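The values are calculated or read from the model by the stated rules, or taken from the named source; none is laboratory data. Quantities reported herein were computed from a predicted structural model and do not represent experimental measurements. Virtual Cβ from ideal backbone geometry, glycine too; neighbours counted across all protein chains shown. Please note that ligands, DNA and RNA were not included when accessible areas were found on the heavy atoms of the full protein model with its side chains. Shrake-Rupley method; radii C 1.70, N 1.55, O 1.52, S 1.80 Å.
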Amino acid sequence: MLKYISKRLLYMFLSLFLIVSATFFLMRAAPGGPFSAEKKLPPEIEANLNEFYGFDQPLYVQYFDYLKSVATLDFGPSFKYKGQTVNDLISNGFPVSFMLGMEAILLALAFGVLLGVISALKHNKWQDYTAMIIAVLGISVPSFIMATALQYIFAMKLELFPVARWESWAHTFLPALALASTPMAFIARLTRSSMLEVLNNDYIRTAKAKGLSKPVITVKHAMRNAMLPVVSYIGPLTAGILTGSFVIEKIFGIPGLGLHFVTSITNRDYTVIMGVTVFYSILLLASVLIVDILYGLIDPRIKLSGGKKGA
């Protein structure tokens, strides 16, 4: 396992290097500059700004300077947020995005697994059809449309939740639900198909023959093996929810990192765009590694086969 983790860490650093390089050169290749949006900026002031931020240096010098700063997790100053660095924006915005994302992940896992298990246990019955209709709707409707519909129904018409802002738990439910709708549908379908396959295995028939109750068979024997595809989906799910929160945060006026990212694109705040991209890339790579380790812990056969291959 240690050898496997070391190998994956090496691939992570290589992937991160490629992402940082691609992000840097794509931003430099984009038309305009960080000060292009300024109105009637005198050439002398623009030259001083370029010198202050190092944009007058050759491209390879800027590139290596940026690699050094990323290696120390210093993403530089923000061009538009006066007196703040990208690290300050990440420190202030990411906890909000993290809370929203964790709430959405818990909702997606709880309701997705519940719908999938019910659908599998009631195969080809009305419960199965109802759960799959909900799953299809969750997959088909984009999160920003779901967010607007939730605001209209539950906030404006029924007045059960606030329309927007981030002040209490009531303010978090609608954006978390909108963010969780699509992954919840995927988890429901994954759980259903995996449960149907597991329930037809011989050891399930043996457990039934021994007289074990249906809840014990479902929870103790079936769900553990049926959850393997769901666990493998948690890594991309985490990254998808965190990056998907950009639009949701904008719609609900949530002061998270996603809102800063959307604003930075509009304002051509290049350091914020690159810093947030690299930061989320680190989260994605780390989450995939953690999921792979958990996958091996849940099913020891995977870990043992990996050890034999590495021997």
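Below, the figures for the structure above:
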quantity	calculated
The range 126-147, residues that are under 21 Å from PHE173 (Cα atoms), in contact (Cβ under 8 Å) with a residue 12 or more places away in the chain and assigned to a helix (DSSP H, G or I)	ILE134, ALA135, LEU137, GLY138, ILE139, SER143, PHE144, MET146, ALA147
Helices (runs of 4 or more DSSP H) (entirely within the range 212-288) containing at least 2 residues that are buried (at least 20 other Cβ atoms within 10 Å of the Cβ)	228-252, 257-267
Unique match (being among the β-branched types (Val, Ile, Thr) and more than 25 Å from TYR233 (Cβ to Cβ)) among THR85, THR172, THR130	THR85
Options LEU177, LEU196: the member that is closer than 30 Å to GLN127 by Cα and modelled with pLDDT of 90 or more	LEU177
The listed residue being at pLDDT 85 or above, open to solvent by 70 Å² or more (accessible area, probe 1.4 Å) and hydrophobic (A, V, I, L, M, F, W, C), out of PHE24, PHE64, PHE52	PHE64
Test: residue in the range 166-174 that is open to solvent by less than 40 Å² (accessible area, probe 1.4 Å), part of a helix (DSSP H, G or I), modelled with pLDDT of 90 or more and not basic (Lys, Arg)	yes
Qualifying residue in the range 244-262 (condition: touching a helix residue (DSSP H, G or I) at 6+ places or on another chain (Cβ under 9 Å), among the aromatic types (Phe, Trp, Tyr) and over 19 Å from PHE24 (Cα atoms))	yes
Count of residues meeting criterion [open to solvent by 30 Å² or more (accessible area, probe 1.4 Å) and either part of a helix (DSSP H, G or I) or at pLDDT 85 or above (or both)] in the range 74-93	6
Selected residue (criterion: nearest to ARG28 (Cα to Cα)) from residues of the range 44-83 that are without any contact (Cβ under 8 Å) to a residue 60 or more places away in the chain and among the polar types (S, T, N, Q)	GLN62
